[in-house]
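Written below as structure tokens is the structure these notes are about.
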Amino acid sequence: MDSPIFPLPALDRRAWPMGGQLDYWQASDGWPIRRYQLGAGTRGRMLILNGRGDMIEKYLEVIHHWAQRGWVVTSFDWRGQGGSGRLTDDPLCGHIDDFARWIGDLRALSNDWRAGGSGPTVILGHSMGGHMLLRALAEGLPAPDAAVAVAPMLGLHTAPLPRWLAVAIANVMCAIGQGEKRAWTQKEESERQRQMRQKRLTHDPDRYADEIWWRDHSRDIALGPPSWNWVRLALESTQALETGNGPERIATPTLVLAASRDRLVATPAIRRIAARLPDARLHVYGREAAHEILRELDPVRLDALGRIDRFLDEVAR
């Protein structure tokens, strides 16, 4: 049976929904992590893990959707991005010294989140958030009742470079002291450049424009390219997850959504790892979807939300 829908005000994607709570959670070292919560929680609790370079604002629409279905939804900005500060002097560079630091933040924050209520628990991760979710579960994160990975970063789309060359370049750049520098430029000065970036993310120009609006109106949450060290770590961490036996240790019922023409993450790697998860379902969209499946045109977006809702109604009771 579908979960009941709890009426909330119609959503303006460029405004915070009514009734939500925005605050800061402190990591063990005192680092402030920006956090947001919305919903009544009569259905259960959901934790959303954003992708690299994302901020809470990009996913207010899906947060609102699941809050309407009775979930109390919590999302946060990873350390060093969104409203959770920066780790270099360059405010537009997405840097981290070690992915294990993010895993530690996730473990501690999720412990507090888990203790904050009752009912079924769900963790959903998009892109880098999907990688962090599966890696953390493989490393012993207390399992939720269900997990959802949307376009998870289980391999990087390095084309036209072969992966081995991308690894070599990232290692060299870090070795010569460029680890905290931007790995590339994110050109959006012209309409053509913005359209090129948009098409890598979503076919929906309006939802892409929402992201730009939030970045332009809240410059402290804006983020650009990753650092060379982030690239090096992403290549290492995805390789370690695939070559180890971590996927086989994840018993959590998991739904994986991917796009065959994703130009940011490697869909073949998603297929390989999904096949190794003990209790996983995989759906791969075709040319109709780009990387941000939950921010796509409505035919894809609503289909994805429906698949997730049916999955949760089945396994997260």
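The values are calculated or read from the model by the stated rules, or taken from the named source; none is laboratory data. This structure is a prediction, so every number in the text was calculated from the model and none was measured. Glycine also receives a Cβ, built like all others from the backbone with ideal geometry; neighbour counts cover every protein chain displayed. We work out accessible area using only protein heavy atoms, side chains counted, and drop any ligands, DNA or RNA first. Shrake-Rupley method; radii C 1.70, N 1.55, O 1.52, S 1.80 Å.
Some values worked out for this structure:
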| read-out | value |
| --- | --- |
| Near pairs, Cβ below 8 angstrom, 6+ apart or cross-chain, from the stretch 184-207 (within 17 Å of residue 297 (Cα to Cα)) to any residue that is aromatic (Phe, Trp, Tyr) and open to solvent by 50 Å² or more (accessible area, probe 1.4 Å) | none |
| Qualifying strands (runs of 3 or more DSSP E) (wholly inside the stretch 44-138; at least 3 residues being of a type in the set (A, V, I, L, M)) | 44-49, 121-126 |
| Qualifying residue in the stretch 250-262 (condition: touching a helix residue (DSSP H, G or I) at 6+ places or on another chain (Cβ under 7 Å) and of a type in the set (D, E, K, R)) | no |
| Which listed residue is aliphatic (A, V, I, L, M), closer than 30 Å to residue 251 by Cβ and touching a strand residue (DSSP E or B) at 6+ places or on another chain (Cβ under 9 Å), from 223, 156 | 156 |
| Hey, residue 86 in contact with a His (Cβ under 9 Å, 6 or more places away or on another chain) and either crowded, with 21+ Cβ neighbours inside 10 Å or of a type in the set (D, E, K, R) (or both) or not | yes |
| First in the stretch 282-297 and at pLDDT below 95 and open to solvent by less than 10 Å² (accessible area, probe 1.4 Å), second anywhere and of a type outside the set (Val, Ile, Thr) and outside any strand (DSSP E or B), Cβ under 8 Å, 6 or more apart | none |
| Sole exception among (1) closer than 22 Å to residue 158 by Cβ; (2) in contact with a Phe, Trp or Tyr (Cβ under 6 Å, 6 or more places away or on another chain); (3) not aromatic (Phe, Trp, Tyr) for residue 255, by number | (1) |
| Pick from the stretch 17-54, criterion β-branched (Val, Ile, Thr) and open to solvent by less than 20 Å² (accessible area, probe 1.4 Å), ranking: farthest from residue 116 (Cα to Cα) | 33 |
| Those residues of the stretch 153-171 which are open to solvent by less than 80 Å² (accessible area, probe 1.4 Å) and over 22 Å from the mean Cα position of the chain (by Cα), in sequence order | 161, 162, 165, 166, 167, 168, 169, 170, 171 |
| Residues being closer than 17 Å to residue 180 by Cα and touching a Phe, Trp or Tyr at 6+ places or on another chain (Cβ under 9 Å) - total across the stretch 79-92 | 3 |
| Flag for residue 316 being surrounded by 14 or more Cβ atoms within 10 Å (Cβ to Cβ), in contact with a Lys or Arg (Cβ under 9 Å, 6 or more places away or on another chain) and over 22 Å from residue 46 (Cα atoms) | no |
| Some residue of the stretch 217-230 being touching a residue at least 12 places away in the same chain (Cβ under 8 Å), closer than 29 Å to residue 288 by Cβ and more than 20 Å from the chain's Cα centre (by Cα) | no |
| All positions within the stretch 85-101 that are without any contact (Cβ under 8 Å) to a residue 60 or more places away in the chain and of a type in the set (Gly, Ala, Ser) | 85, 100 |
| Identity of the residue in the stretch 193-242, β-branched (Val, Ile, Thr) and under 24 Å from residue 62 (Cβ atoms), that ends up surrounded by the most Cβ atoms within 10 Å (Cβ to Cβ) | 202 |
| Subset tally (residues that are under 24 Å from residue 212 (Cα atoms) and assigned to a loop (DSSP other than H, G, I, E, B)) for the stretch 15-40 | 5 |
| The listed residue being surrounded by fewer than 22 Cβ atoms within 10 Å (Cβ to Cβ), in a loop (DSSP other than H, G, I, E, B) and within 24 Å of the chain's Cα centre (by Cα), out of 189, 180 | 180 |
| Residues of the stretch 103-134 classified as buried (at least 24 other Cβ atoms within 10 Å of the Cβ) and of a type outside the set (A, V, I, L, M), total | 6 |
| Residue ranges of helices (runs of 4 or more DSSP H) in the stretch 203-317 with at least 1 members among the hydroxyl-bearing types (Ser, Thr, Tyr) | 205-217, 228-243, 267-276 |
